[in-house]
Every structure is written in C-alpha cells, then in structure tokens.
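Undergrad: This is the structure I have questions about; it appears just below.
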Amino acid sequence: MGEQSNLLVALGTCACFGGISGLRNLYQKQEVIESCYGQTGDNNQAETSFSEDVPALLDSVQPVGKIVKVDYQIPGCPPLPGTIKTVLQALIKGEVPVLPQRSLCVECGRQQKELLKPTREFISDSVISFMELEEIDPEKCFLEQGVLCMGLATREGCHARCLKGNVPCRGCMGPPPGAMEQGAKLINSLASVLPAGGLMFMEDIVGTGYRYAMPSSIIPHISCKENESDE
Ligand code: SF4
Ligand code: SF4
C-alpha cells in the first residue's frame with residue numbers, strides 16, 4: 001500500500017505508536033500465546049495461526065512508521081472525528097495539517113497548586129485504585145490528589161475526555177511532539193513535580209508510561225534480542 005500511495009496517514013494510536021498490544025514486545029511470542037490460551041504443548045504453535053481466519057502472530061508489534069514511510073499521524077484511541085476531518089480538509093486543500101502541539105495538562109485545565117507528597121498514598125496504577133478513593137475533586141489536578149495521571153507525558157487534542165469524566169489520563173494520545181519516549185517523558189515530568197524519592201513508589205513504570213507506545217520506544221524488543229542471540 002505504501003508503494004501505491006502518494007501520501008500515507010497513520011490513523012489511530014496503534015498505527016502511530018503500536019498501541020496497547022505493543023506491550024507484548026516485552027515477552028517471547030510463545031509466552032504471549034500460552035498466557036492467553038494456556039499451555040499449547042506445541043513450540044511451533046507460535047508460527048502458525050489458530051484458524052485460517054486468524055493470521056499467525058508476528059514476532060513483534062510495530063508502528064506503521066517502522067515499516068513504511070508515514071507522512072502524517074492522527075493519534076487517539078480512538079482518534080476524534082473532528083481531528084480526522086481537520087487533517088483531511090487540510091490535505092484536500094494542499095495544506096500541511098497541524099495537530100495540537102502541547103501536553104494534555106494545558107487542555108485539561110485542572111488547578112495545579114501544590115507540590116506532591118512522596119507517600120505510599122501516591123497510587124501507581126490508578127485506573128482501579130482511584131475508584132477506591134472516597135472522593136476525587138473534579139477541579140483539582142489528579143496528581144495533587146495522589147492519583148497518577150499521564151497528562152504530563154501525553155499530547156493534547158482529545159478534548160481531555162477522560163478528565164472531564166473525572167478519570168485520569170492513561171496516555172492514549174501518545175507522547176507530545178518531540179518526546180517519542182513517552183515513559184521517559186513521564187519519569188522526567190514526575191521527577192520535576194515530586195519531591196526526591198517519590199518515584200520509588202511506582203510499581204509498573206513500563207506498563208504505565210509505555211502503555212500505548214512501547215513499539216515506538218528505543219527499549220529493545222525481547223523477540224529482537226532472541227533473534228540476535230540466535231545469530
Ligand atoms: S496531570 Fe492530569 S489532572 Fe493534572 S493537569 Fe495534567 S492532565 Fe490534568
Ligand atoms: S484523557 Fe488521556 S487516555 Fe483519555 S482520551 Fe485523552 S489522551 Fe486518551
């Protein structure tokens with residue numbers, strides 16, 4: 001398709017960055033299959049598909065841009081219809097589409113006033129845990145309430161839709177421009193707002209910081225490491 005196209009647009013966060021399923025790059029292919037479907041007892045199972053309707057699992061998940069040249073990206077899980085329309089309209093007019101450039105915190109608009117306290121109440125993976133809290137102030141930054149929010153390391157442009165529902169951001173828009181390493185951006189950003197030692201309470205920094213963008217990171221893929229050792 002790339003060869004036949006004058007212009008290629010990666011649509012959605014999976015196409016742009018690899019998406020959530022890209023976290024499987026941390027594991028061997030056979031491990032992934034056994035984790036999902038149980039012990040197959042067949043080491044060749046990973047090389048074959050489960051049925052003729054389902055393609056065999058590839059060695060790793062890759063963003064489109066690592067396979068062919070991509071001209072523009074429209075991130076989002078899912079991408080906003082308005083964003084798709086804006087990009088298409090610009091391309092039809094022969095213009096360069098411009099996506100929002102800042103971090104989600106700008107779009108969010110919640111109050112940020114206090115320095116965070118490095119306590120065990122700072123919740124590392126908030127999506128289940130934050131529901132256990134008695135109250136979340138909808139006007140106040142999640143981080144200041146002890147709930148991890150990925151807004152610091154995420155591109156704006158989703159209209160802050162989770163935050164408007166009083167749910168912290170998980171980073172589905174991918175990293176802001178100029179920060180392809182979303183997890184590293186998270187660590188860097190948190191280190192600047194947490195007092196020293198605060199990061200030690202994070203339990204799953206890769207699964208949190210790279211939830212949507214693992215395949216576009218420079219972290220080596222397990223499958224690639226295996227192939228190198230075979231050679
Ligand atoms: S960290 Fe989250 S809640 Fe806080 S300002 Fe940024 S996007 Fe909003
Ligand atoms: S708030 Fe975060 S997780 Fe929710 S849609 Fe926006 S970028 Fe995605």
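Please treat every number below as a calculation from the coordinates, not as lab data. Owing to the predicted nature of the structure, the values given are computational and were not obtained by experimental measurement. Note that each Cβ is placed from the backbone with ideal geometry, even for glycine, and that neighbours are counted across all protein chains shown.
Undergrad: Starting at the first residue of the range 96-112, write each ³J(HN,Hα) from the Karplus equation 6.51 cos²θ - 1.76 cosθ + 1.60 with θ = phi - 60°, in whole Hz, x for Gly and Pro.
TA: 8, x, 10, 9, x, 10, 9, 7, 4, 4, 5, 6, 5, x, 5, 6, 10
Undergrad: Could you list which residues have their amide H under 5 Å from that of Lys140, counting only those 5 or more apart in sequence or on another chain, with H placed in the peptide plane?
TA: The answer is Gln111.
Undergrad: Right, another one. So how far apart, in nm, are the two label points at Gln4 and Ser35 if each is 7 Å from Cα heading toward Cβ?
TA: Result for the modelled spin labels: 3.6 nm.
Undergrad: What percent of all Cα-Cα pairs in the range 9-98 falls in each 10 Å bin, counting up from 0?
TA: Going out from 0 Å in 10 Å bins, the range 9-98 shows 15, 34, 26, 17, 8, 1 percent.
Undergrad: Sorted from largest down, give the three principal axis spans of the alpha carbons of the range 137-216, whole angstrom values.
TA: 31, 30, 20
Undergrad: Still on this structure, please answer the following. Return the subset of Lys93/Lys185; Lys140/Lys185; Lys113/Lys185; Lys66/Lys185; Lys69/Lys93 for which the Cα-Cα distance in this structure is over 24 Å, preserving the input order. List each step's numbers first, then the result.
TA: Working: Lys93/Lys185 35 Å; Lys140/Lys185 22 Å; Lys113/Lys185 21 Å; Lys66/Lys185 21 Å; Lys69/Lys93 22 Å.
Too far apart for the 24 Å limit: Lys93/Lys185.
Undergrad: Next question, about the same structure. Taking amide hydrogens as modeled 1.01 Å from N in the peptide plane, which residues meet the under 5 Å criterion relative to Val147, leaving out close sequence neighbours?
TA: Ile123
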